[in-house]
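Here, each number is a calculation from the coordinates, and none is a lab measurement. It should be emphasised that the depicted structure is a prediction, and the values quoted were computed from it without experimental measurement. Cβ placement follows ideal geometry from the backbone for every residue including glycine, while neighbour counts extend to all protein chains displayed.
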C-alpha cells in the first residue's frame, strides 16, 4: 500500500500554517451560514459529489471547479469555508493518490476555502449513465479489492483533512444479502477485511494524527439493512470475529481491540434508506447511540412515498428506470411490511387496499408533494434536527444523486441550483430547531 509522500505533508503543513492565520482573521468555520454548523459539538455539512457524473479524477475535479463552487456561492460566498464530500471511484482514487495530484488539489482547496472531511467510498466503479443496480455493492467486503480501495481512500482523506477535524468514509454495508449463504464464512471474511481497514486507519492516526472512521451504510436488502440488523452486527458479529483477529494480528488485548473498533468502524445513517424500511429516524438514532454504535455520518435525504388510498401502481410507474436499484416496501394497514428487490417487482405484485409504499428513489429535499406522490422528508422532524444539534454525529451529507434520472415532472434544469435549494432547506430547518 502506498503512503503519502513527505512532499505532500510538507505542502499540507505549509498550507495549514497559512490557513491558521487566515482562520483567526476570518473566524474560520464559525459562521452558522457556512458549512460548519457548530463548533461544540462539532457539526459539518456537505453534499455528496456522487450526484455529478464522472469516474475519473479529471471529471471529478472539473465538477468541483464548475459546479461545486457555484453551489457554494449560491448558499454562501467565496469568503465562506465550504465542506466537500468527495466521491471517488477506484480509478479516480488511484489517480488522486499520486503526490502531484494531491498537492495540486490541496492547494486548490486552500485557495478556494474548501475543506474535505468525508468521502463516499460506496460505489467502487461506474455510478452514472449505465445500469448499476446490485453491482453497486460489488466488490463487497468479502473481497480484498474492497479493503485495498478503502485503504487508498483513508490515505487520501488523511492528506486532505484539516487539522483537528475527524474524517469519515462511508461504505457498503457488508454485502448484498442474497449473495451471502447461510454459513458464517462470508460474514467472518467481511469482518476481517473491515477490521483490517480499521487497523489501517489506526496506523494512519498514529502516523498523521488524523482520525478516520469507516462508516457502514445500512441499506435495504443488505447484510445491514435495519436498525436491528445494524445493532446485532456491531454488538455481535463484529466483536465475535473482529476482536480475535486483532488479538492474532496486532497482539492487542480484548479491551484494546474493542477500543480500536469503536474508534475506526461506525455507521453512516442514511435517512432515505431508513425511511424505506419504515424506521422511526429519531428512535433509530437513539437506539444506535444507546447500543454504543458510533454514528460517523448521517446522509440527509428523502425517499418516494405514496400514502394510503392512493393509486401507487399508477403514480410510481414513471419512476421505473434502468440505472439504480429501487428497493420498495409496502406496508399493510395492520403494519406488516412486504419487501421487493426493485420497483418493477413491487409494481407487478397485486395491489392491496390501504397500503403505504416507500421506494428507495432519492428525491430532492425541497420536494414535498405532487398529487398522490409524496416524499419521506416529513420524517425529518424538529426532534430529528434537535438531535443533530446535540452531537449525535459530526458529519451531515445531503445525498440526492438521482437528478439525472428524475422524471420530467420533478426534473431540475440546473443541478447546482437544485443542490443549493437542498442546502437552504436543511439550513432553515437547523435554525428553526436549535438545541
Worksheet item: Where q = 0.11, 0.14, 0.20 Å⁻¹, what log10 of I(q)/I(0) comes from the Debye formula for segment 239-372, counting one point per Cα?
Response: -0.54, -0.74, -1.12
Discussion item. Report the gain in length on full extension from residue 40 to residue 368: 0.36 nm times residue separation, minus Cα-Cα distance, nm rounded to one decimal.
Written reply: 114.9 nm
Practice prompt. Report the label-to-label distance for residue 98 and residue 133 in nanometres (one decimal), using points 7 Å from each Cα along the Cα→Cβ vector.
Written response: 3.6
Worksheet, complete the sentence: If 264, 106 are placed from fewest to most neighbouring beta carbons inside 10 Å, the sequence is 106, 264
Worksheet item: If you wrap a convex hull around the Cα atoms of the chain, how much volume per residue is inside, in Å³?
Response: 135
Worksheet item: Semi-axes of the equivalent ellipsoid of segment 352-435: what are they in whole Å, largest first, if each equals the square root of 5 times a C-alpha gyration tensor eigenvalue?
Response: 24, 19, 11
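So how much slack lies between residue 235 and residue 381, counting 0.36 nm per residue of separation and subtracting their Cα-Cα distance, in nm? Could the numbers behind the result be given before it?
Values: separation 146, 0.36 × 146 = 52.56 nm, distance 2.84 nm.
Stretched out fully, the residue 235 to residue 381 stretch lengthens by 49.7 nm.
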Worksheet item: If you count, for each residue, the other Cβ atoms within 10 Å and average over each peptide, how do 415-421, 344-350 line up from highest to lowest?
Response: 415-421, 344-350
Worksheet entry | Point-to-point label distance, residue 203-residue 321, nm (Cα→Cβ direction, 7 Å offset) | 4.1
Practice prompt. Highest first, please rank the peptides 193-199, 121-127, 61-67, 251-257 by the mean number of other Cβ atoms sitting within 10 Å of their residues.
Written response: 193-199, 121-127, 61-67, 251-257
Worksheet, complete the sentence: Dividing the mean separation of Cα pairs under 8 Å (6+ apart) by the residue count of the chain yields a relative contact order in percent of 16
Discussion item. I want to check the label-to-label distance for residue 390 and residue 56. Put each point 7 Å from Cα in the C-beta direction and report it in nm to one decimal.
Written reply: 4.9
Discussion item. Using Cβ counts within 10 Å as a stand-in for footprinting exposure, how do 35, 430, 184 rank, fewest first?
Written reply: 184, 430, 35
Item to complete: Using a 10 angstrom cutoff on alpha carbons, build the Gaussian network for the chain and name the most mobile of 48, 353, 374.
Response: 353
Worksheet item: Relative contact order for segment 261-387: what is it in percent, counting Cα pairs under 8 Å that are at least 6 residues apart?
Response: 32
Worksheet item: What's log10 of I(q)/I(0) for segment 143-236 at q = 0.18 Å⁻¹, Debye sum over Cα points only, no solvent?
Response: -0.83
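At a Förster radius of 45 Å, what calculated FRET efficiency corresponds to the Cβ-Cβ distance of residue 409 and residue 108, to the nearest 0.05? Numbers along the way, then the final one.
Details: r = 38 Å, r/R0 = 0.84.
Working from the Cβ atoms, E equals 0.75.
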